[in-house]
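Have a look at the structure below before the remarks.
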Amino acid sequence: MDPNSCTTNSVSGFYNLLTRELNNLSQSLLISHNNNNNNFSSIQFLQQVLSSLQSFNSHLTILVQNLHLPTGEKWLDEYMDESSRLLEACQVLKSGVSAIENYVASGVNIVSSLDNYHHFNPAISRQVIRAISIFQRETLGLEEDNRVLMETRIQQLSLCHDLNGTDVPMDSKFNGFSGFRGVLHAMRKVSSFLLLILFNGLVFYSPESSSFDQGDYEANAIFGSTGFMVSMARLRQRVANEMERFDGQSAGVLLYEFRESKTAMEEVKFEMERMVGFVESEDGNNDDDYDGREYKIEKMRRGFGVLRSGVETIIGQLDDFFDEIVEGRKKLLDMCSSHR
């Protein structure tokens, strides 16, 4: 999103931006829920979440420049701490998504190999079954690596603590640095929430560690009439409602297109096993279910194509976000240096 597409040269303008973006995400989930689809864990929604984070960061940098804050004060350290956390989050997300990118590459290779066969006999089918079995074991390793990544790095980022913690500054401190301290606290709350959505969708989801249940919101007492915390509470409740769909599901990468590709691969494997079993039991070759098998192979091909396109887009967004954060930090450091 173009940082200049919305005026955020005031504290109230930035709160309005937060409110508007959170309401847009909430509306997307509401439409998704009414249509009974899986938008919450889809690439499309996760891209929207990441775009919102990018927008918040870009406008925060603009706001700081417009507030003309005094150089040599603590506000710069606080901004740098928050932007450093976003940088680290980008790196963790990139690691998790890159693992999915490798998964896609392996899956596409299996799909491509199927194009070489115009007829599946038992010998070829067994080759395909072995290839898929190896691929499935590698997928388990991918999810285990992402689980470790999630458990070790999430604690360092303090996302759950920042989202659910009640150790907020006293009311008077929110007005510090022309209201910037309140803005930064709001940004930290919102970014922790959105990053948790991204981590659960793109890195690893565990039912035991899901942190989307409603917490306590001191919206009126702390942020007055800005309303952004009310919007955040609404979105968080909708996310919690969507997460109920995954009750009882085993831990793993939550991304809808990722799970669909795994299912499609399993269906093709089942078809190959079924054909081998049928041929061996009949002591002959029968290809009566050719259309059904081809449909499943095509479904797998389309699934990996959609996943590959989405993953490439997400990685591109993360790279852009990383560069934007670095550029924002440099701008503010240069600004403070020139003022000195």
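Throughout, read-outs are computed from the coordinates displayed, never taken from laboratory work. Being a predicted model, the structure only gives us computed values, none of them experimental. Ideal geometry is used to build each Cβ from the backbone, glycine not excepted, and the neighbour counts take in all protein chains shown.
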* Listed highest first by mean packing, meaning other Cβ atoms within 10 Å per residue, what order do 193-201, 117-125 come in? -> 193-201, 117-125
* 28 Å Cα-Cα reach of residue 94 towards lysines, excluding residues that sit fewer than 8 places from it in its own chain -> 189, 262, 299, 330, 331
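At a Förster distance of 41 Å, what's the computed FRET efficiency of residue 241 paired with residue 113, Cβ-Cβ distance as r, to 0.05?
On the way: r = 42 Å, r/R0 = 1.01.
Efficiency computed from Cβ-Cβ geometry: 0.50.
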* Structure fact -> Where a ≥ b ≥ c are root eigenvalues of the Cα gyration tensor, a/c under 1.5 meaning rounded, otherwise prolate if a/b exceeds b/c and oblate otherwise, segment 1-116 counts as oblate
* Structure fact -> The residues 160, 90, sorted from fewest to most surrounding Cβ atoms within 10 Å, come out as 160, 90
* Asked: Can you list the residues, at least 5 places off or on another chain, whose amide H is less than 5 Å from the amide H of residue 205, using H built in the peptide plane?
  -> 252, 253, 254
